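The values are calculated or read from the model by the stated rules, or taken from the named source; none is laboratory data. All figures in this text were calculated on a predicted structure; none of them were measured in a lab. Using ideal geometry, Cβ is built from the backbone for each residue, glycine included, and neighbour counts are taken over all protein chains shown.
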Amino acid sequence: MDIVAHGLWATAAAVGAKTKLRGHIRVGWAAWWGVFPDLFAFTAPVTISLWQRLTDPVQAASQSTPHVMPHMPLARDLYQISHSLIVMMLVFGLVWLVRRRPAFELLAWALHVSMDIPSHTTRFFATPFLWPISSYRFSGISWGNRWFMMCNYGALVIVYVYLWRNSRRGAEESKPLH
C-alpha cells in the first residue's frame, strides 16, 4: 500500500481507538508509526540515490536504469526489518518493558505490515512479515492497481465520513442543555 494511505489508515484507527481507550493514544504518534516501516526502508536509499544524481549525474545515470533504484539491496534489507511483525512485536515488548505500560501507538506499525501482506505481490516487495523466523511471503494483489487504489481511497473516505459524523454526534451530546 502507498505511504499516504498507510498514514490515513493509522490515523483513522487511532481516532477510533482513542474513543475506546479514553484518550490514552496519541493520534500523531500513531500516524508516525503507520508510515514508519516505509520511511525506514526507503529514506536512506532514496536519499543516497538523489545525492548521487545531484553530485555526479553522469555516473548516477550509468549505474541505474529507468524506474530502478541503484540502492535496492539496501532497501530490501531495511524492508525486511521494518516489515516484520516479529521485529515489531519485539520493539513493542521492549518499549512496554521500559515504559511499564504499552505504547498503543506502536500498533499502527503492525497495522501497516498487516495491510501490506495482501497488497503486495512477490514481484515487488512482498511483505516478509515473519522475518527472521521464516522467509515465507504471501503474493497478494498489487496496491498499484488502479481499481485497488480506487477501492482503498473510497474506503478511506467512508471511514473518515463515519469518524466525522461520530465526532459531531458526540459533540452534540456533550453540549449542556439550557
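Here are some notes:
- Among the residues of the stretch 137-161, those identified as among the hydroxyl-bearing types (Ser, Thr, Tyr) and modelled with pLDDT under 95 are Ser139, Ser142.
- Pairs where the first residue, in the stretch 75-88, is under 13 Å from Thr43 (Cα atoms) and the second is surrounded by fewer than 17 Cβ atoms within 10 Å (Cβ to Cβ), C-beta under 6 Å, 6+ apart: Leu78/Phe40; Ser82/Phe40
- If the condition is being loosely packed, with under 14 Cβ neighbours inside 10 Å and either in a helix (DSSP H, G or I) or at positive phi (or both), then the stretch 1-38 contributes Val4, Thr19, Lys20, Arg22, Gly23, Gly28.
Yes/no matrix, rows are residues, columns are (1) closer than 28 Å to Val27 by Cβ; (2) assigned to a helix (DSSP H, G or I); (3) modelled with pLDDT of 95 or more:
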residue: Ala44; (1), (2), (3): yes, yes, no
residue: Val58; (1), (2), (3): no, yes, no
residue: Met69; (1), (2), (3): no, no, no
residue: Met88; (1), (2), (3): yes, yes, yes
residue: Pro102; (1), (2), (3): yes, no, no
residue: Leu106; (1), (2), (3): yes, yes, yes
residue: Trp109; (1), (2), (3): yes, yes, yes
residue: Pro118; (1), (2), (3): yes, no, yes
